[in-house]
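What follows draws every value from the coordinates through simple rules; no lab data is involved. Since the model is a prediction, treat every value here as computed from it, not as a measurement. For neighbour counting, all protein chains shown are included, and Cβ atoms are generated from backbone atoms with ideal geometry for every residue, glycine included.
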Amino acid sequence: MYVRLKHTLSELALRALGAPPARRAAVWLRAYCELAAHEGETTPEAGTSARPEAGLDVPLRTVATRARRAGGGTSLPRWLLARGLLERDGPVVRLPEPYRDHFPYLRRHAHRLTAALRWLRRPAPRGVPVHMARAAALFDAGLFFECHEYLEGIWRRAAARDRPFYQGIILVAAAFYHYEKGNAHGVRSKLAGGFARLDGYRPVYRGVLVDRWLRRLTPWRARAASGIAAGPLRPADIPRLPLGYPR
């Protein structure tokens, strides 16, 4: 069910880049996850940590209030119900049973997606293509799989001279997806491929400060070489994809 959830959330993220209904769905999903996590909190015993119990019933009215305050409107988006991300039972909304074991992933993704959408409301640096601003927002928020999927479409339509550039970013995004999955070999191979393709586009290309980004990524190659690949990243630890043009 993880794979199905991953692809459904990716679909939501890519839709949300340009469609207001999908953006509202993202806000609702985050509101639900925050409330479900809060409802599931317990007082940890000595030597243990509290873990939210996924799949909790949360009053629909409570979710609607939080979503409305965050700009998500007042109605539970049909898309979330149609794709099975949430289900409604009278006055409550809940996470469907097949996804309950993956609640921490869902919650993390919902936070990352709304962060990416918030960043996209800011003006991109002058001269940066819209598609690169979107790709950077996805990567910087930690939506590495979504960044990979989004740029796949760009890469397929790109001119031959641009394809290695997009492939390089796709490979770096894949490397960090593997990092969060704990796959050190995947991190090493994808980062190596990304560096090899991006190296020819220094110092800046298509609004990406390639030279600066590769310097930020260099320590991660050393970590990968040592076999370190350890779970979800904190926002501050993500080597953000820098945009702009040197003055």
Note to self: Just to confirm the number: angle between the C-alpha axis of helix 60-69 and the first principal axis of the chain, 0 to 90 degrees, nearest 10?
What the structure shows: 40 degrees
Next item on the list: Quantify how much of the Cα-Cα distance distribution of the range 48-185 extends past 18 Å, in percent.
Entry: 67 percent
Note to self: With angles folded into 0 to 90 degrees, how steeply does helix 163-181 sit against the dominant principal axis of the chain? Use alpha carbons for both and round to 10.
What the structure shows: 40 degrees
Margin query: Largest first, please: the extent of the C-alpha atoms of the range 103-167 along each principal axis, to the nearest Å.
Written below: 41, 26, 13
Check: What dipole magnitude, in Debye to the nearest 20, does the range 162-239 give about its Cα centre under +1 on Lys/Arg Cβ and -1 on Asp/Glu Cβ?
Finding: 60 debye
Next item on the list: Specify which residue in the list Ala19, Ala175, Tyr105 is farthest towards the positive end of the charge dipole of the chain, using unit charges on the beta carbon of Lys, Arg (+1) and Asp, Glu (-1), about the Cα centre.
Entry: Ala19
Item checked: Cα-based helix-to-principal-axis angle, 103-120 vs the chain, degrees rounded to 10 -> 60 degrees
Checklist line | Equivalent-ellipsoid semi-axes of the range 2-120, from the Cα gyration tensor, Å, largest first | finding: 23, 16, 14
Next item on the list: Hey, can you grab everything whose amide H is under 5 Å from the amide H of Leu243? Only 5+ residues off in sequence or another chain; H modelled, so Pro and N-termini drop out.
Entry: Leu209
Item checked: Sorted largest first, extent of the range 160-247 alpha carbons per principal axis (Å) -> 36, 28, 17
Notebook entry, point to check: How fast does the chain diffuse by Stokes-Einstein, in µm²/s, taking the Kirkwood radius from C-alpha pairs at 10 °C and 1.306 mPa s?
Noted result: 83 µm²/s
